[in-house]
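Please read the structure below before turning to the comments.
The values are calculated or read from the model by the stated rules, or taken from the named source; none is laboratory data. Keep in mind that this is a model prediction, so the values were computed, not measured. Neighbour counts run over all protein chains shown; Cβ positions are idealised from the backbone, glycine included.
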Amino acid sequence: MDQLSRRTVASRRSGPTPSEYAHGGVLNHSRLLSVPEAAEALGLRRATIRAWIYRRKIPYVRVNGRAVRILSAEVDRIIARGTVPALPEREVGR
């Protein structure tokens, strides 16, 4: 794979890189959420979060080989990425 292809693939990746996880840049400031907790925080169904995990659309941590947890920082990132700012208020009568 040439450098341009690597950059393109890297730019499509969402969330922290594996090295950021490994070096504690994310884990030091994040709490692990269960699937139901992540679903509640995002206002989604548990099945949606599980589908994202299955399709690898969201980074996750596998604990004890079976349990799956999502970093709260990832949930915060999803919320921040989807937040649309309000428009400035207009004067009445215009």
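Residues that are of a type in the set (S, T, N, Q) and surrounded by 10 or more Cβ atoms within 10 Å (Cβ to Cβ) number at least 3 in none of the helices (runs of 4 or more DSSP H) confined to the range 28-94.
Take residue 32 and decide whether it is in contact with a strand residue (DSSP E or B) (Cβ under 6 Å, 6 or more places away or on another chain) and modelled with pLDDT of 95 or more.
yes
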